[in-house]
Amino acid sequence: MKLSQSIQLFLLDKQVAGCSPNTLRNYTLTLRRLTAHLDGDPQLADITAEQIRGFLRQLMTTRIAPAGIAKRPARTLSAKTIRNIHTCLSSLWTWAIKEGYAADHIVQRVDAPEPEPPVVEPLSRDQVKQLLNATAFSAPWERSPDTQTELPARRALRDRAILLFLLDTGVRVGELCKLCIADVDISAGTATVSSKGRLNTGAGKKRLVRFSPRTAKLLARYLIARDATGYRDRAQRLFVDRDDRPFDRRYLAKHLHRLGRRAGLNNIHAHRFRHTFAINFLRNGGNIYALQDLLGHTSLEMVRRYARLAEVDIAEAHRRASVVTNWNL
């Protein structure tokens with residue numbers, strides 16, 4: 001079987017199995033890159049482990065422009081991204097062997113790179129305040145700061161609600177985008193989020209997250225400003241753009257980036273709110289097992305990283321505030 005034929009059948013099989021659109025999009029991009037690297041359409045059974053190694057080496061050394069993100073400079077792919085690509089290729093060959101299209105799992109003979117530890121960069125209180133202040137006004141032009149204008153109340157309320165919800169719950173960007181009004185109980189201060197995974201009915205994991213009365217009040221004000229009947233049409237997505245279209249991951253990522261620039265801040269993305277939530281949860285007395293449940297992590301590895309950072313922060317705060325030290329006892 002030709003590589004192109006196997007890719008087509010593989011993607012159809014993954015779609016039928018209920019893989020999320022984001023997973024399918026990543027699989028498609030990876031397999032297009034593999035096809036381009038092999039420069040032709042070889043038989044799947046003729047592809048060698050050395051060709052897979054060469055493909056991964058090329059990706060590690062070649063600067064690639066991020067897909068779908070304009071004006072972002074080209075860069076080499078991270079070890080984590082390369083590892084995800086290796087996982088995709090392994091999934092293709094696992095499927096091919098199961099279906100009888102290949103006899104040898106060549107990807108298992110190719111080592112995947114070890115990903116570097118993720119950078120944890122929480123937001124400070126002042127940075128969050130800058131972002132909240134930036135929701136009320138448009139970005140001024142550099143040449144003429146007087147062109148800054150006040151934004152409509154509905155849009156400002158929506159953006160403030162997004163920021164507080166991210167900060168209060170630590171949800172992932174994809175989880176936020178999938179939230180419907182019916183998933184949120186404003187009076188109870190809870191929301192049911194769908195974790196990463198498949199989109200079939202009943203598939204994927206769900207978990208309950210909690211938010212504060214202040215966030216609840218802002219969510220209620222946003223829904224009222226958005227539509228007087230907002231509470232009735234509970235099937236609608238919670239966060240939508242000015243044309244009532246639901247946010248998707250890319251749109252929200254760009255929106256947060258623009259909001260950060262408007263506030264004079266760099267590198268603003270949803271995961272920084274997740275980091276901020278996690279570290280402050282532990283700093284304020286929460287335990288790692290409760291945090292694991294709230295974040296939807298399947299293991300404690302990442303939660304332990306948050307705990308180590310919180311301990312360093314607490315140790316530094318104690319050093320500065322110690323009565324014994326400050327009183328020179």
Study note, to complete from the structure: With no solvent term and unit scatterers on the alpha-carbon positions of segment 3-109, Debye gives log₁₀ I(q)/I(0) at q = 0.19, 0.20 Å⁻¹ of -1.03, -1.13
Check your understanding: Summing Lys, Arg as +1 and Asp, Glu as -1, what charge do residues with Cβ under 14 Å from the Cβ of LEU208 carry, LEU208 excluded?
Key -> -1
Check your understanding: Under 16 Å from the 7 Å Cα→Cβ point of ARG109, by amide nitrogen: which residues of segment 18-50?
Key -> 44-50
Review point. Sorting ILE268, ILE106, ILE288 on the 10 Å Cβ count, fewest up front, what's the list?
Key: ILE288, ILE106, ILE268
Check your understanding: Do any of LYS129/LYS254; LYS2/LYS80; LYS178/LYS254; LYS2/LYS205; LYS14/LYS205 go past 26 Å between their Cα atoms, and which?
Key -> LYS2/LYS80; LYS2/LYS205
Point to revise | Packing-based order for 43-55, 240-252, using average beta carbon neighbours within 10 Å, highest first | key: 43-55, 240-252
Check your understanding: Taking the Cβ-Cβ separation of LYS98 and SER124 as r and a Förster radius of 51 Å, what is the calculated FRET efficiency to the nearest 0.05?
Key -> 0.50
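A short reminder: the numbers here are calculations on the coordinates, not readings from a lab. This one's a predicted model, so the numbers in the text were calculated from it and none came from an experiment. We place every Cβ from the backbone using ideal geometry, glycine too, and count neighbours over all the protein chains shown.
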